[in-house]
1. Say a site is exposed when it is one of the trypsin sites (Lys or Arg not before Pro), sits in a DSSP loop, and has at most 12 other Cβ atoms within 10 Å; what is then the longest site-free stretch of the chain?
2. Say each of L80 and D6 gets a label point 7 Å from the Cα, pointing the same way as Cα to Cβ; how far apart are those two points in nm?
3. For region 1-71, state what percent of all Cα-Cα pairs lands in each successive 10 Å bin, counting from 0 Å until the bin that includes the largest distance.
4. Assuming R0 = 30 Å, can you tell me the calculated FRET efficiency for the pair L88 and A125, based on Cβ-Cβ distance, to the nearest 0.05?
5. Suppose each label sits 7 Å from its Cα in the direction of the beta carbon; what would the V16-A106 distance come out to in nanometres?
6. State the extension gain, in nm to one decimal, for the chain segment bounded by I53 and V118, taking 0.36 nm per residue of separation less the distance between their alpha-carbons.
7. Given a Förster radius of 30 Å and the C-beta distance between A36 and D73 as r, what FRET efficiency does 1/(1 + (r/R0)^6) yield to the nearest 0.05?
8. What's the center-to-center distance, using Cα atoms, between region 73-108 and region 1-42 in Å?
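What follows is calculated from the coordinates using simple rules that are stated; it is not laboratory data. Every value quoted in this text rests on a predicted model; they were computed, and no experiment measured them. A quick note on method: Cβ atoms are made from the backbone with ideal geometry, for glycine too, and the neighbour counts reach across all protein chains shown.
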Amino acid sequence: MNGVKDKFDRLGNALVRAFQTVALFVIGATIVWSAAADYLRMIAAGRAGLDDILLLFIYLELGTIVGIYFRTDRLPVLFLLYVAITALTRFLAIDIKDLSIEAILAVTISIFVLTLAVLVVQIGASRFAAPPEARKPATATDAGDAKPD
């Protein structure tokens, strides 16, 4: 009976890995497609404003997230925080003249809180990181959940 369970576990792990790989390629292609479309729009306009440049940084950070996740099977929380900070900064820079003082304050406080979250995550990662030998990927015999090199 254990043999059948092991086979189903391996099949399930393989299907999850296949789905993740396909999804990462779709997300990565969508990021490239969106970045290229926006870049072509900037070229057609003959200029790129601060909002456009910050948008390109968001695309860069999203692409980096996909690349890191693809290589390590770990979601880089710091980059998600960076995307949020950049998106809020872009929003503030574009719409500041149309925002109430309360909205400006709320966005600014949000950026500050996200910045504190980055600090906390980095301190936590440096103080409580697993030793290098504990971070090594699992072997192929560990229930088939290792990612091939």
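1. Longest gap between qualifying sites, sites excluded: 75-149.
2. It works out to 3.5 nm between the two label points.
3. P(r) for region 1-71, in whole percents per bin: 18, 33, 21, 14, 9, 5, 1.
4. 0.85
5. Computed distance between label sites V16 and A106 equals 3.8 nm.
6. Result for the pair: 21.2 nm of gain on full extension.
7. Using R0 = 30 Å, I get an efficiency of 0.65.
8. 28
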